[in-house]
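The next block holds one structure in the form of structure tokens; read it before the comments.
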Amino acid sequence: MHNGYAHSMRRAIDSFALAAILLASLSACVNNTNQAVDGGLQLDASLELDASHDAAAASDAGPDAHSADAAELDAGPLDESVTLPQEIRDAVPDLYVAQQTRRVSIYVRPSTSLSAAEVEHFLNAATDALTYNQNHLALSAEEIANEPRIRVVVLNRSSYTAATGSPDSYGVSFPAYGDDVDALVVKDDALSNLADFDDTLAHEINHVLIGRRAVDDTYIPWWVIEGTAVDMGANYAWEVHHAWTTFKEYWDEATGDDATTTFARYDLEDLTSDSNELAHDQAISGFFVEYLRFIHEHDGAHGYPDVHPRFLAASIATSEGASFAMAFGANFDGLTLANAKEAYRAFLQSTIASPSARYAGTVFE
Ligand SMILES: [Zn+2]
């Protein structure tokens, strides 16, 4: 079963939307945006976002933001103070909140074929994936409760295609932009493969949570943005369903050269040329995060169990102006980024013939 993601980034370029259409391949998060900006405009867009993001958060703290009652399920029309991403509004203007909790809203169209029970399944699944991210990113429940809800838009295939331009992906996340809040979009048939669906939810929610904190991603490498999300989604699907991520095919076959290729091709610019290269680089990126989490030897220990909070802190520092390499070293006890990459390359090369050694110590062992 193939499993694709798309991820909308402000700095992405339009050609990635085309790549997304090819996503019948292994899991891939294609950068897909209609709000494409070139490199020169990225900083401006991010600076603008900084202020507007706060405004969006403030407006969200309206009458219903903290109205946690016993039921926590209240349907109603779309809150006019909240604007979903432009691409979604343009494609499907009649969305409304079908169900929500304090932390998650599920948007559907009036014409949805989903039953109330199915909508509730989406709501509960997103809430669980959010909780998993919260725990693994070491975010407090209070912090999560005080920020805008995770908005999950559930669409049938034709509406999904219209809203995302990525018909074969399993999920698309849109970052906050201007007055628009962030949101993620999934298909209404997602419940037919719960392992892929939960992997997708954990992955996309990871993008949303990190995007809210490291707002300017211009100088955060792609292998960090996607590697952390891939690792989060893969671990979640494994924990909940004992299902392998479809990225594992790449992990099984990776050599040292694969790491070298990915670090060069998927750094500040996404230089992949097709969906297979993209899936490859995201897979190798995700396993680097897993390697750092459980395997990398340092100070008599194996790995950094809190690898996700470390990457989050490094991403925030980079968003605020540090170089990523400096931020990485500062958050990994002085391990240099160059040494970490080289150790991963050597590890892959030395475990080519030994899958058991490759996965030993990881949750996938
Ligand atoms: Zn992604």
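A crude spin-label estimate for the pair Asp94 and Ala346, with each label 7 Å from Cα along the Cβ direction, gives 6.2 nm. With the simple spin-label model, which puts each label point 7 Å out from Cα in the Cβ direction, the Ser113 to Leu194 separation comes to 2.1 nm.
What's the Kirkwood radius of the stretch 249-294 in Å, using all Cα pairs? Write down the numbers at each step before the final one.
On the way: mean 1/r = 0.0940 Å⁻¹.
Taking the inverse mean of 1/r over all distinct Cα pairs, the stretch 249-294 comes out at 10.6 Å.
Roughly speaking, to the nearest percent, how much of the stretch 319-365's 1.4 Å accessible area is carbon and sulfur? Please report the intermediate quantities before stating the final value.
Details: 1350 of 2350 Å².
In the stretch 319-365, the share of accessible area belonging to carbon and sulfur is 57 percent.
Kindly rank 316-326, 143-153 from highest to lowest mean number of other beta carbons found within 10 Å of each residue. Please list the in-between numbers first.
Details: 316-326: 16.0, 143-153: 20.5.
Ranking, from highest mean packing down: 143-153, 316-326.
Shown here for the stretch 242-287: chymotrypsin sites (Phe, Trp or Tyr not before Pro) in loop regions (DSSP other than H, G, I, E, B) with at most 16 other Cβ atoms within 10 Å, namely Trp244.
Computed with a 1.4 Å probe on the full set of protein chains, the accessible area for Trp223 sits at about 0 Å². For the stretch 237-247, the Karplus equation 6.51 cos²θ - 1.76 cosθ + 1.60, evaluated at θ = phi - 60°, returns couplings of 4, 5, 5, 7, 10, 6, 10, 5, 5, 5, 5 Hz by residue, with Gly and Pro reported as x.
Taking the stretch 194-329, how much of its Cα-Cα pair set, in percent, is spaced more than 23 angstrom apart?
Details: 2870 of 9180 pairs.
Within the stretch 194-329, distances greater than 23 Å cover 31 percent of Cα pairs.
Taking 0.36 nm per residue of separation and subtracting the current Cα-Cα distance, fully stretching the chain between Ser323 and Asp179 would add 49.0 nm. Solvent exposure of His298, expressed as accessible area, is near 40 Å², computed with a probe of 1.4 Å over the protein chains only. Dipole orientation for the stretch 81-175: of the candidates Ser166, His121, Ala91, Ala91 has the Cα lying most toward the positive pole (charges on Cβ; Lys, Arg +1; Asp, Glu -1). What the stretch 222-359 shows is 39 Å² of accessible area per residue, with the surface traced by a 1.4 Å probe over protein heavy atoms.
Sites listed here are GluC sites (Glu not before Pro) in the stretch 203-297 whose DSSP assignment is loop and whose Cβ has at most 12 other Cβ atoms within 10 Å: Glu269.
Ranked by solvent-accessible area (1.4 Å probe, protein heavy atoms only, all chains present), the residues Ser192, Ser354 order from largest to smallest as Ser192, Ser354. Taking amide H atoms as placed 1.01 Å from N in the peptide plane, the amide H of Arg151 lies under 5 Å from those of Ser105, Leu184, each 5 or more residues away in sequence or on another chain.
The values are calculated or read from the model by the stated rules, or taken from the named source; none is laboratory data. Keep in mind that what you see is a predicted model, and the values were worked out from it rather than measured. A quick note on method: Cβ atoms are made from the backbone with ideal geometry, for glycine too, and the neighbour counts reach across all protein chains shown. The area values use the complete protein model at the heavy-atom level, side chains included, leaving out ligands, DNA and RNA. Shrake-Rupley method; radii C 1.70, N 1.55, O 1.52, S 1.80 Å.
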